[in-house]
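The values are calculated or read from the model by the stated rules, or taken from the named source; none is laboratory data. Keep in mind that this is a model prediction, so the values were computed, not measured. Glycine gets a Cβ as well: all are built from the backbone with ideal geometry, and neighbour counts include every protein chain shown.
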Amino acid sequence: MSDLFGYWIVRHKNEVLAVGGKGAAGIFPAAAAADWGCPAGVLRIGQWQGEPCYAVDLDVLPSDAPGSLTPVRALYGLGGMEAFALAGRATQLLDWRHNHHFCGRCATPTRMKTTEFAMECPACGLLAYPRISPAIMVLISRGDELLLARSPHFKPGVFSALAGFVEAGETLEACAVREVREEVNIEITNLRYFSSQPWPFPDSLMLAFFADYAGGTISPDPAEIEAAGWFRRDALPPLPDPVSIARRLIDAACLQG
């Protein structure tokens, strides 16, 4: 274990170490496992700048640990989308392993397979894979207007596209129609796929769509939507941060005109 060398995503209390002053390429510290005290539970999660990249949770950081603790979301501004995505993968995998120390069927301690990311029960054989929760996002247009809404947990004043989780046995298309009906009570048509983004807060996979307005009057569900309305593309309210697919979806709609 001590001879493992590469880049490290070191998490401590839900933040990760980020090295400043070295540019985006050097945002993650380069070190050997011995530099972190040869911790248990190291995961190899891929590569960074052509070198192996490892992830680990530490309860106590070394006194000479490089860099400073940074929220995962802030890594986008420091190192770009690639750094944010890799750190998101690391946090999701660390959470997955932490949450599956025991079998969900028979409570036997599990072990991690060496051939794939799966926690295996040696007693009953149940496999627990990293959880991924699909969620759709829909940006609805009506002529030169976009339908935007805000949830109570958004930053003050920020509006975004509608979104919700896919239910068991539901297609993405059916989910889009249902979520729009439930949240603002209108109908949509001409659903068109835009793009996707892993969103590690904690384990979502966002799938973004454009849609056209097909009828109805906005009537927000007060349990989920604080405010909603039609906004001209050239007079939009404050929008989500650029790290999110919501912002890219809205920006793309404005470019389309």
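Of note:
- Taking the criterion of being of a type outside the set (Phe, Trp, Tyr) and surrounded by 20 or more Cβ atoms within 10 Å (Cβ to Cβ), the residues of the range 207-221 that qualify are Leu207, Ala208, Ala211.
- From Ile218, Ile136, residue being closer than 26 Å to Gln92 by Cβ, in contact (Cβ under 8 Å) with a residue 60 or more places away in the chain and either in contact with a Gly (Cβ under 6 Å, 6 or more places away or on another chain) or β-branched (Val, Ile, Thr) (or both): Ile136
- Against the list (1) in contact with a Phe, Trp or Tyr (Cβ under 6 Å, 6 or more places away or on another chain); (2) in the same structural domain as Met206 (by TED's automatic domain parsing), the condition Lys155 fails is (1).
- The residues in the range 91-117 that are in contact with a His (Cβ under 9 Å, 6 or more places away or on another chain) and assigned to a loop (DSSP other than H, G, I, E, B) can be counted, and the count is 1.
- Residue list for the range 1-13, filter: loosely packed, with under 15 Cβ neighbours inside 10 Å and touching a helix residue (DSSP H, G or I) at 6+ places or on another chain (Cβ under 8 Å): Met1, Ser2, Asp3
- Selection count, the range 124-145, where residues are in contact with a Pro (Cβ under 9 Å, 6 or more places away or on another chain) and over 21 Å from Pro240 (Cβ atoms): 2
- Residue, farthest from Ala118 (Cα to Cα), within the range 1-31, restricted to residues that are touching a residue at least 60 places away in the same chain (Cβ under 8 Å) and of a type in the set (A, V, I, L, M): Ala18
- Residues being touching a helix residue (DSSP H, G or I) at 6+ places or on another chain (Cβ under 8 Å) and within 30 Å of Ala123 (Cβ to Cβ) - total across the range 62-112: 2
- Any chance Ala34 is hydrophobic (A, V, I, L, M, F, W, C) and closer than 30 Å to Pro240 by Cβ: no
- The range 170-203 - residue that is assigned to a strand (DSSP E or B) and touching a Ser or Thr at 6+ places or on another chain (Cβ under 8 Å) and, of those, surrounded by the fewest Cβ atoms within 10 Å (Cβ to Cβ): Pro198
- Subset of the range 118-152 (residues that are part of a strand (DSSP E or B), of a type outside the set (A, V, I, L, M, F, W, C) and out of contact with any Asp or Glu (no Cβ under 7 Å at 6 or more places or on another chain)): Glu120, Pro134, Arg142, Glu145
- Restricting the first member to the range 32-52 and to residues that are on the phi > 0 side of the Ramachandran plot, and the second to residues that are surrounded by 16 or more Cβ atoms within 10 Å (Cβ to Cβ) and not small (Gly, Ala, Ser), the beta-carbon pairs closer than 6 Å and six or more apart or on different chains are Gly46/Cys53.
- Counting only strands (runs of 3 or more DSSP E) that fall entirely inside the range 1-47 and contain at least 3 residues that are assigned by TED's automatic domain parsing to the domain that holds Ser63, in contact with an Asp or Glu (Cβ under 6 Å, 6 or more places away or on another chain) and among the hydrophobic types (A, V, I, L, M, F, W, C), no element qualifies.
- Close pairs (7 angstrom Cβ cut-off, 6 or more residues apart or separate chains): modelled with pLDDT of 95 or more in the range 94-121, among the β-branched types (Val, Ile, Thr) and exposed (fewer than 12 other Cβ atoms within 10 Å of the Cβ) anywhere: none
- Any hit, the range 63-76, residues being under 20 Å from Arg131 (Cβ atoms), within 25 Å of the chain's Cα centre (by Cα) and in contact (Cβ under 8 Å) with a residue 40 or more places away in the chain: yes
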